Each structure stands twice: as C-alpha cells, then as structure tokens.
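**Student:** The structure is given below, and queries will be raised subsequently.
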Amino acid sequence: MEKKEILLVNDDGIRSVGLMKLKEKMETLGKVIVVTPELERSGAGKAVSTSLITVKETTLEDGTTAYAIGGTPADAFLLALFKILKHRPDLVVSGINLGPNLGIDDFLTSGTLGAALEAALHGVPAIAVSYSLKRTVDAEGKLHSNIDMESLVFCAELARQTAEFVLERGMPDDVDLISINVPEKPASKEVEITSLSCKGYTDIFAEKVGGYQIRGWLLNDYQADAVGTDIHAIRENRHACITPIKLNLTHSKGNLKELSECLNVGSCDVAS
C-alpha cells in the first residue's frame, strides 16, 4: 500500500516542542513533511501575506529537513500545496498549539485553526491540535507557564489516533475539519465530542506603555459555557475534547425573504 503523506503546520514556530512531539507520533503513520512559520504567528487566523515570503530549508533537532517560511500558517499550507509538494497531501495536521483553541473567537483568530481551515477549503482532510496550557499572571503582569510533558504526549497520542482514523476511513460525514483540545493534567482519559462555544473573549488586553497588548490567552479569558461545548469540557470537566467543524457558514435563506422583497422594490417601509 502506498505510504500516506502527512503535512505538519503550526503557528508557534518551527522550533516548538509541540510540533516535534506531534511529528514523532505522525511518523508512525506515514511520510511527514513539515512546512511552517519560522517564528511564532499566533493570532494570525487564516490570514495570507501580501509581502514577500521567504522559504528556506532547515534542519530540525531530530536531524530531518523541514521548510521554514516567513509568512503565516495559512501561507505555509498554500506554499506546500502549490510550490513545495505541488500536490495535495493525504492529511494536514496543525499544531500542537501551546495554548487553548476554544470557541468561535479562537476559530476565527487561531493560526493553528487557520492552517487547518485553509487545508479544508482545498479539499484536504485537516486536524487542528491544541494543548490548553495553563498560564498565570504575576503581580507585575508577567505571564508564566510550564509545559506538563505527560499532558503534551497525551495530546500528541490523541492526534495520532485521530489521524489514523481519518487516513483509514476518511473524514466523518458532514465534517470538514476536526479540532482537538487537551487540558493540562486531564481529570481522566475520557474524550468528549463538543460544539464550538459561541461566547466571545473577556478582556484579554493588558495596559502597556503607550497602549494595550494581548497578554496571552488564559483559560479564565473564556466565558463559562454550557455542557457540551468545548469550553465546558476543558474548563469545568478537564476532559480532552474533539470538535467537528463544517465550513458552510451560511444559514436559512428563507429568513431573509422579507428583506429581499423590500430591497427588490427599492424601499423598506418599516412602519407598515
């Protein structure tokens, strides 16, 4: 059987420990190609660059070759597709992000999810993987975090099992990409199937000299939400979760019938 080809991307930069742990697991499933931003590009979403993007071969700490680019995670996928591989890989796995990717705000903001979204838009099965690393802020406003390697390895193993499932059976029906989140020191090995929370961030900005800056995503920055959402699974239950995402963002066209009738006659008499 032909060896499967897996493209790895992330938004934490090519030297991220999360990327390397993911690579170790993916190499048990097939040929792994790494094309990812050279430096951290968190919060880039699905943005693509209009400026010149550098692409260079580099050597990872395990001695293998990878491609480091000067652009965004979405750029990395597109350059892999059209310039480096010049064909679709069998699977794209994006991560492991060192921080949570929860809810609709992160779906639209995360570079990790942005790369997976770009892949899905081009018909490539895609998995985004995030380790919900806890961070704390000290009295001076400085951010502190410590990676729990056991949790990170568990996250990588869930990604491997999910990737194996998708490579063997294809993406589940009506699912375009899968988002995996794993809490730090999970309460059990249970994995919940969840929906994206539709609650937005709380105040994530810290005051700095001359203005404001995002201090880094903390679990407390996500509003508590109902049972069944990704935020509830991570924050309240401390369970890993998998969230199916569909690209079709449109809704019932019938709900705009009255508006379309107004627009087509050139006037909307709201008083009538």
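The values are calculated or read from the model by the stated rules, or taken from the named source; none is laboratory data. Computed from a predicted structure; not experimentally measured. Quick reminder, even Gly has a Cβ in these numbers, built from the backbone with ideal geometry, and neighbours come from all protein chains shown.
**Student:** Report whether or not K46 is in a helix (DSSP H, G or I) and buried (at least 16 other Cβ atoms within 10 Å of the Cβ).
**Tutor:** no
**Student:** Would you please list the contacts, defined by Cβ atoms under 8 Å and residues six or more apart or on different chains, that run from a residue in region 130-151 that is modelled with pLDDT under 75 to a residue that is among the basic types (K, R) and not in a strand (DSSP E or B)?
**Tutor:** Pairs found: V137/R215; G141/R215; L143/R215; S145/K134.
**Student:** Check G95, G43 and return the single one that is closer than 15 Å to L8 by Cα and at pLDDT below 95.
**Tutor:** After applying the criteria, what remains is G95.
**Student:** Report yes if some residue within region 3-22 is surrounded by 19 or more Cβ atoms within 10 Å (Cβ to Cβ) and free of Cβ contacts under 8 Å to residues at least 40 places away in the same chain; otherwise report no.
**Tutor:** no
**Student:** Then there is this: Are any residues in region 226-246 more than 17 Å from G99 (Cα to Cα) and surrounded by 21 or more Cβ atoms within 10 Å (Cβ to Cβ), and if so, which ones?
**Tutor:** The one that is more than 17 Å from G99 (Cα to Cα) and surrounded by 21 or more Cβ atoms within 10 Å (Cβ to Cβ): T229.
**Student:** Which one is nearest to the chain's Cα centre (by Cα) among residues in region 207-236 that are among the aliphatic types (A, V, I, L, M) and within 20 Å of A44 (Cβ to Cβ)?
**Tutor:** L218
**Student:** Does any residue in region 65-91 that is closer than 19 Å to M26 by Cβ and surrounded by 24 or more Cβ atoms within 10 Å (Cβ to Cβ) come within less than 9 Å, Cβ to Cβ, of a residue that is of a type in the set (A, V, I, L, M) and modelled with pLDDT under 95 six or more places away or on a different chain, and which pairs are these?
**Tutor:** Hits for this filter: P73/A44; P73/A47.
**Student:** When region 239-268 is examined, which residues are found to be at pLDDT 85 or above and within 19 Å of the chain's Cα centre (by Cα)?
**Tutor:** H239, A240, C241, I242, T243, P244, I245, K246, L247, N248
**Student:** Ok, one more. Write out, first by first residue and then by second, each pair whose Cβ atoms fall under 7 Å of each other, whose residues are 6+ apart or on separate chains, and whose first residue, in region 42-56, is closer than 19 Å to S94 by Cα while the second is of a type in the set (G, A, S) and at pLDDT below 90.
**Tutor:** From residues that are closer than 19 Å to S94 by Cα, there are no pairs.
**Student:** Filter region 92-129 for residues that are crowded, with 24+ Cβ neighbours inside 10 Å and polar (S, T, N, Q); which is farthest from E157 (Cα to Cα)?
**Tutor:** S110
**Student:** Given the criteria out of contact with any strand residue (DSSP E or B) (no Cβ under 6 Å at 6 or more places or on another chain), among the polar types (S, T, N, Q), within 25 Å of T194 (Cα to Cα) and in a loop (DSSP other than H, G, I, E, B), does S51 qualify?
**Tutor:** Answer is no for this residue.
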